[in-house]
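For reference, the structure is listed below as structure tokens.
A short reminder: the numbers here are calculations on the coordinates, not readings from a lab. These numbers come from a predicted model, not from an experiment. Every residue, glycine as well, gets a Cβ built from its backbone with ideal geometry; the counts of neighbours run over all protein chains shown.
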Amino acid sequence: MEAHWTLSDAQFEDQFTFGTFKPLWFSHEAHLRLAWMYITKYGVQKAFEMYKSQLLAFAVKHLAKNKFNLTVTYASIKVVAGYCERSNSSNFKDFLQEFPELKTNFKELLSAHYSINIFSDSVAKQQILEPDLVPF
């Protein structure tokens, strides 16, 4: 089990919001959990705004601003939101069991929408690129 599971959703959100979340705990699964929590609690638009600003602040605080990617952040919220719409789960653990591909094939899920590698594209890091293959 990943370390972020020692925190309740409320603790996770508080620690991330106030900048006390441990960087070693912020795995891909923790990214997904944060997106899921924000989408289910605040709706897609507010979730994106919070996710974007807090991920950037987290990256800056931990000297990893070069890892922040605006397009991946946007696409992540959009993809997770699409799965939320189809989900019957009331918690993140069940959600991840319902859609394990979010954890195991996330890059492939995003690449279905983009013809470029948004993970390494310098423009994608700085601005939101809309999908050019399949819209969200």
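How much space per residue, in cubic angstrom, does the convex hull of the C-alpha atoms of the stretch 62-136 take up? Mind dumping the intermediate values first?
Working: hull volume 7.6 nm³, N = 75.
Enclosed volume per residue, from the Cα hull, is 102 Å³.
Convex hull over the alpha-carbon atoms of the stretch 8-126: what's its volume per residue in Å³?
Numbers: hull volume 12.3 nm³, N = 119.
It comes to 103 Å³ per residue, whole-number rounded.
Between Glu49, Glu85, Glu29, which gets the highest mean-square fluctuation from a Gaussian network model of the chain, Cα cutoff 10 Å?
Answer for the Gaussian network model of the chain: Glu85.
How much length, in nm to one decimal, is gained on full extension between Lys22 and Lys103, taken as 0.36 nm per residue of separation minus their Cα-Cα distance? If you can, show how the numbers build up before the last one.
Values: separation 81, 0.36 × 81 = 29.16 nm, distance 2.01 nm.
Stretched out fully, the Lys22 to Lys103 stretch lengthens by 27.1 nm.
Residues with beta-carbon under 15 Å from that of Glu2, excluding Glu2: net charge, scoring Lys, Arg +1 and Asp, Glu -1?
On the way: positive: Lys22, Arg33, Lys93, Lys103; negative: Asp9, Glu29.
Combined, the nearby Lys, Arg, Asp and Glu give +2.
Using only the alpha-carbon atoms of the stretch 1-71, report the extent along each of the three principal axes, biggest first, to the nearest angstrom.
29, 27, 20
Can you find, among Tyr83, Gln11, Phe99, the residue farthest towards the positive end of the dipole of the chain? Put +1 on the C-beta of Lys and Arg, -1 on that of Asp and Glu.
Value computed over the given set: Gln11.
Per residue of the chain, what 222 nm ellipticity follows from adding -39500 (n - 2.57) for every DSSP H run with n ≥ 4, rounded to the nearest 500?
So the calculated ellipticity at 222 nm is -17500 deg cm²/dmol.
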